[in-house]
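K.L.:
Handing you a structure now.
Nothing in this text is a laboratory measurement; each read-out follows from the coordinates by a stated rule. These numbers come from a predicted model, not from an experiment. A quick note on method: Cβ atoms are made from the backbone with ideal geometry, for glycine too, and the neighbour counts reach across all protein chains shown.
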Amino acid sequence: MTPFSKSRRARLRAVLGALTVTVTVLVATGATAAAPRVDESELQSAGFKVLVATNKVQQDWVRSLVPGQIRPMQRNGKKFFIYPDASRNQIYVGGPNEYDAYAQRHPESKAGADDAAKKSSAYRLKQDDTMKKATTRDLSDPFLGASWADFGW
């Protein structure tokens, strides 16, 4: 290879990398603009606590969360609701009581979560029915379709 072709490849890679970054920034900006805005002062007045990300791992985790959404979480058997604020490297954390207090002030924010929960529970019920039918079928045929000839007798 000639040195000229190596430099062309390097420039091509640099241009493609810049385009990738540009597209990523545009997509992220569009997603952020579409997210509904939650007022942090209202979260605090509802009883949410502020936790600041102090190390790199925590900061990366806060940035990875979907902006503009209150997200349910479970830890050690307890249910929590978190709202990330990546620009300040912090999250707002509250329990079910705090979330209910916030949702009473903003019923539109809870409507989306209720719809998602209904869809999820309908899917689980459908799965449960399918599994019950399969279990009943399997229990009614102890050999699961196998005959004595399949066992070599």
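K.L.:
Return the long-range amide H neighbours of residue 89 (sequence gap of 5 or more, or a different chain), with a cut-off of under 5 Å between placed amide H atoms.
P.N.:
Distant-sequence amide H within range of residue 89: zero hits.
K.L.:
Continuing with the same structure: Can you tell me which of 95-105, 74-84 comes out highest on packing, and rank the rest after it, using the mean Cβ neighbours within 10 Å?
P.N.:
Ranked from most to least packed, the peptides come out as 95-105, 74-84.
K.L.:
Kindly write out, for the range 54-64 in residue order, the coupling ³J(HN,Hα) from the Karplus curve 6.51 cos²θ - 1.76 cosθ + 1.60 (θ = phi - 60°), rounded to whole Hz, with x marking Gly and Pro.
P.N.:
Calculated HN-Hα couplings, in order: 9, 10, 4, 4, 5, 5, 5, 5, 4, 5, 6 Hz.
K.L.:
Of all the Cα-Cα pairs you can form in the range 32-109, what percent are over 14 Å apart?
P.N.:
Of all Cα-Cα distances in the range 32-109, 60 percent exceed 14 Å.
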